[in-house]
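Presented below is the structure to which this report refers.
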Amino acid sequence: MFDKDHVFIKTARQKELYELARSHAEDFSRRADHYDETGDFPFENFEALKASGYTGLTASEEYGGKNISLYELVLIQEALAQGDGPTTLGIGWHLGIMMDLSLRREWDEETFKALCRRVINDKHIVNRAATEQGTGSPTRGGKPATEAGKEHDGWRVTGHKTFTTLAPVADEFIVTASMKDSDDVGGFLVNRHLDGVSFEETWDTLGMRATRSDDLFLKNVKIPPDAFVERIGWQDKNHLPPGWLLHIPACYIGIALAARRDVIDFAANYQPNSLDHPIKDLQHVQQKIGAIELELMKARYMMYGVAEQWDRDPERRPHLGPELSAVKYTATNAAVKAVDLAMRVVGGTSIFRSKPFERYYRDVRAGIHNPPSDDAVLSILGKRGFQES
Ligand SMILES: Cc1cc2nc3c(=O)[nH]c(=O)nc-3n(C[C@H](O)[C@H](O)[C@H](O)COP(=O)(O)OP(=O)(O)OC[C@H]3O[C@@H](n4cnc5c(N)ncnc54)[C@H](O)[C@@H]3O)c2cc1C
């Protein structure tokens, strides 16, 4: 099912982490079709990830986590996605957020420590709920209609978030809200069991169905003072671009690698009676497989290269924003192209639900709409081009 000689595995620890992700992927792949078809949430996958310690891998080591590197994160997420894309994207938000918080240390230390403890000991899962109908992607800078009002013993938050991945399973959400009586936007840590928190199953989508990115409603939710965890824009304080978002390209490359694996298997075994050899020997098939290889090679070398640079050279991290964005652009577009080519090789049966290709096709489409969008990436790169000229 997986590469025998994974060229990006360089250490014993990477091998161990990869094997963990690979064994989960093999397990999850058996039910990926079922969850795609029903749109139900794959709770058993998340139980398995909690039981193996996968959910604690990026939490801070001093508070019980493993502090894995960005390179290791993309390695495991790419492997996991070869079994189940939606589970991978979902757990990717959680792992990425914990990695980012552990690196930046912008939160009050006691609050952060308590969150790490809950992630490690109580197996809590966290996600960010930032998108709203009125703002669209929060990366565009729109102000949330969700509002937080200060009270003498905490805050009251009211609002409605869309695209809330992991809605059925996340224990805590970092919810963005405009702060009443000021222009500021804050991030508030909200436990799903608080009074006034509810969900609506709106996630009836083409792809990434099992992420269950449903709507989250907050109706006059009372939260304690220490749940106001960050002021949005805080990320700029230490000038770090979001390295953790590489979990997104890793996921979509993983889905495309699954398509590549399956198309190679198909081409090696499919022999219509008009031929005296399998279709793998046809020149046009080899050209298409070659084009898939090229797309994935470009995306993977770029992703692993940038992740390695991030890990190796902390001084350069503040300058890696354009590279990180370019990896996302390259990987998600390469994934769309590779799955499309795989389906052209397989032919008409690729659109049958009994084959996985149409699921890969639908899932990789979603990657285009994860941040940053293509136009934003090109603007970033364009600006850098002019700065350097
Ligand atoms: C599978 C999946 C999982 C997700 N999970 C989460 C999650 O867990 N938490 C979360 O908060 N969000 C999540 N999101 C939401 C995601 O981050 C985006 O907010 C969402 O997809 C909407 O962004 P958009 O660019 O697609 O649409 P919009 O922002 O609504 O934009 C629609 C169109 O208008 C253009 N546009 C809009 N505003 C501007 C502007 N100012 N300048 C130029 N062009 C503009 C866009 O380019 C696009 O063409 C998820 C999305 C997907 C697909």
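I want to verify a result. In a Gaussian network model of the chain, Cα cutoff 10 Å, which of these has the top mean-square fluctuation: Ala79, Ala12, Ala130?
Ala12
Suppose we keep just the DSSP beta bridges with both residues in the chain; what percent of those would be antiparallel, to 5?
Working: 27 of 33 bridges.
If we restrict to bridges inside the chain, about 80 percent are antiparallel.
Checking the table Lys10/Lys298; Lys66/Lys219; Lys10/Lys123; Lys280/Lys328; Lys113/Lys150 against a 28 Å threshold on Cα-Cα, which pairs fail? Intermediate results must be reported in sequence, preceding the final value.
Working: Lys10/Lys298 19 Å; Lys66/Lys219 36 Å; Lys10/Lys123 30 Å; Lys280/Lys328 31 Å; Lys113/Lys150 24 Å.
Check vs 28 Å cut-off fails for Lys66/Lys219; Lys10/Lys123; Lys280/Lys328.
By how many nm would the segment from Lys298 to His193 grow when fully extended, if each residue of separation counts as 0.36 nm and the alpha-carbon distance is taken off?
Additional length available on full extension: 33.4 nm.
Filter the GluC sites (Glu not before Pro) in the stretch 151-237 down to the DSSP loop ones having no more than 16 other Cβ atoms within 10 Å, then list what survives.
Hits after loop and neighbour filter: Glu201.
To the nearest 0.05, how large is the calculated FRET efficiency for Glu19 and Asp265 if R₀ is 22 Å and r is the Cβ-Cβ distance?
Calculated transfer efficiency: 0.50.
Regarding the stretch 298-389, what's the average projected area of the Cα-atom convex hull, expressed in nm²?
Mean projected area for the stretch 298-389: 7.3 nm², to one decimal.
Residue-wise, which Karplus ³J(HN,Hα) couplings in Hz belong to the stretch 288-305, taking 6.51 cos²θ - 1.76 cosθ + 1.60, θ = phi - 60°, and x for glycine or proline?
Here the 3J(HN,Hα) series is 5, 5, x, 5, 5, 4, 5, 4, 6, 5, 4, 5, 6, 4, 5, 5, 5, x Hz.
If I model a spin label at Lys383 and Thr111 as a point 7 Å from the Cα along the Cα→Cβ vector, what separation in nanometres do I get?
For Lys383 paired with Thr111, the spin-label model returns 2.7 nm.
Just to compare against my own numbers: the Cα pair-distance distribution for the chain, 20 Å bins, whole % per bin, please.
Percent of Cα pairs in each bin: 28, 57, 14, 1, 0.
Apply the Kirkwood formula to the stretch 179-275: the hydrodynamic radius equals the inverse of the mean of 1/r over all pairs of different alpha-carbon atoms; give it in Å with one decimal.
Details: mean 1/r = 0.0538 Å⁻¹.
Kirkwood hydrodynamic radius for the stretch 179-275: 18.6 Å.
On alpha carbon coordinates alone, what is the Rg over Rh value for the stretch 12-125, Rh being the Kirkwood radius?
Taking Rh as the inverse mean 1/r over Cα pairs, Rg/Rh reads 0.98.
Under a point spin-label approximation (7 Å from Cα along Cα-to-Cβ), what is the Phe43-Leu282 distance to one decimal in nm?
Distance between label points: 4.6 nm.
Starting at the first residue of the stretch 90-107, write each ³J(HN,Hα) from the Karplus equation 6.51 cos²θ - 1.76 cosθ + 1.60 with θ = phi - 60°, in whole Hz, x for Gly and Pro.
x, 6, x, 4, 4, 4, x, 4, 5, 5, 4, 5, 5, 7, 6, 6, 8, 6
Subtract the Cα-Cα distance of Asp181 and His6 from 0.36 nm times their separation in residues, and report this length gain in nm to one decimal.
Numbers: separation 175, 0.36 × 175 = 63.00 nm, distance 5.44 nm.
Full extension from Asp181 to His6 adds 57.6 nm.
Counting pairs of alpha carbon atoms under 8 Å apart in space and at least six apart in sequence, what relative contact order in percent does the chain give?
So the answer I get is 16 percent.
Coordinate-derived values only; no laboratory data. Here the structure is a predicted model, which is why all the values come from computation and not from measurement. FYI the Cβ positions are ideal-geometry reconstructions off the backbone, even for glycines, and counts take in every protein chain you see.
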